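Report on one structure; see the data block that follows.
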Amino acid sequence: MIYREDYESASDYIEAVLAARKRRIRITVLTVILAIAAVLLFLYEYYKVRNVTVEGSTRYTDEEIVGYVCQGFLGDNSLALSIRYRNREMPQIPFVETMSVDIVNHDTIKITVYEKAIAGYVDYLGQYMYFSRDGTVIESSSERLSDVPEVVGLTFSHVLLYQKLPVEDDSIFQRILNCTQLLTKYQIQADKIYFDHAGNMTVFFGNVRAVLGADEYMDEKLSTISRILPELSGRSGTLEMSQYTPNTDFVTFVASKDDTGATSDAAGTDTGTEEKVPVVVPEGADAAAQAAAASTEEGAETAPSGISITDGDSTPSGSLVEDIPGSTESAEAAEEASSDASSASSASTGATWESVPAGDAASTAASAQQGTEAVTP
């Protein structure tokens, strides 16, 4: 304490009071600085990132995403990152729209990546122009993404980034999106999606192309393709599915002349070999119906409520065979088909071995001129 009696003059007293006040201020400021530094040091060490999980990234590795996020000032602090990345747009990262960082624990963060929804791409002037579900070009890159199909058959005069592709009918983009979503649903990878002048769709899977035609029964068509493709591994040719219906049991596969899987014994020639690929009955409604029919047989077990059991040795009731619309069949072929269906009834549930008509008389004659011969497996 400073007392007036300790000083001879008033000026000395005032100077002492001011000096003491300055010391108190300096001590207070230093204490506050030390306290803030201690808090910051605690926060830095306590919230230092030691564990990271990444979700939603399919086009970049976890290490690449962490490298993008955990950089710069306080790039290893979970608290700072959670504030910095809150639905933050990432224009510097191709194919990524936004990112968010959430604190799971004081030293653990979760990075959520929201990628741009890509429906397909077009090859334009040597660049891959990726477009979204509404046809807007969202990225231009020299890198081809293996899980995004190329779309061919579209006509346009120019392509501009962040603008819609100038096509005549915008509904084509919804069709492309539906196709790509179904491809993802059934876990099959397409290389190209082609549209002809009439709007019919053809999808390329390596050396196998599937002629799908119009959008009718598109879900069923791609579901069937997902089951047929493994049987055509290493083959090249065309799957004729434009007239496919849910009741179709065989799909025509026309092998190309360079198809290494075609044999001269089966076709008599290696050019335009035509085969009938069986459609395996999928699990679900059909399998459940067959299981219900099988359960009515003598000695069949009754499944608990809500559980469908398909017995591999049971025989499905009735014929699962229906001709492809628009095709014709001779009486001998019909008798042979009926005989094949009867023999198939003793086979395991899942495939009905029935021949499908090769086509009308005109298409048959045209195929004969090209050396095409129908073969029943």
Looking at (1) surrounded by 11 or more Cβ atoms within 10 Å (Cβ to Cβ); (2) at pLDDT 90 or above, find the lone condition where E63 falls short.
(1)
If we scan the range 39-46, do we find a residue that is of a type in the set (V, I, T) and either outside the structural domain of Y85 (by TED's automatic domain parsing) or exposed (fewer than 12 other Cβ atoms within 10 Å of the Cβ) (or both)?
yes
Collect the residues in the range 169-212 that are part of a strand (DSSP E or B), closer than 25 Å to K257 by Cβ and in contact with a strand residue (DSSP E or B) (Cβ under 7 Å, 6 or more places away or on another chain), keeping them in residue-number order.
K192, I193, Y194, M201, T202, V203, F204, V208, R209, A210, V211, L212
Counting only residues that are under 13 Å from V52 (Cα atoms) and part of a loop (DSSP other than H, G, I, E, B), how many does the range 67-120 have?
5
Just the residues that are in contact with a strand residue (DSSP E or B) (Cβ under 9 Å, 6 or more places away or on another chain) and either under 20 Å from V148 (Cα atoms) or among the hydrophobic types (A, V, I, L, M, F, W, C) (or both), please, taken from the range 216-248.
M218, K221, L222, I225, I228, L229, L232, L239, M241
Return the residues of the range 127-152 that are surrounded by fewer than 16 Cβ atoms within 10 Å (Cβ to Cβ) and in a loop (DSSP other than H, G, I, E, B); say none if nothing qualifies.
D134, S142, E143, R144, S146, D147
Inspect the range 180-194 for any residue being at pLDDT 90 or above and over 17 Å from the mean Cα position of the chain (by Cα) and give the result as yes or no.
yes
Cross-chain or 6+ apart pairs with Cβ under 7 Å, the range 114-129 first and within 21 Å of F195 (Cα to Cα), then polar (S, T, N, Q) and surrounded by 17 or more Cβ atoms within 10 Å (Cβ to Cβ)
I118/S132; A119/S132; A119/T180; G120/T180; Q127/S140; M129/S140
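The values are calculated or read from the model by the stated rules, or taken from the named source; none is laboratory data. These numbers come from a predicted model, not from an experiment. Note: ideal-geometry Cβ built from the backbone for every residue, glycine included; neighbour counts use all protein chains shown.
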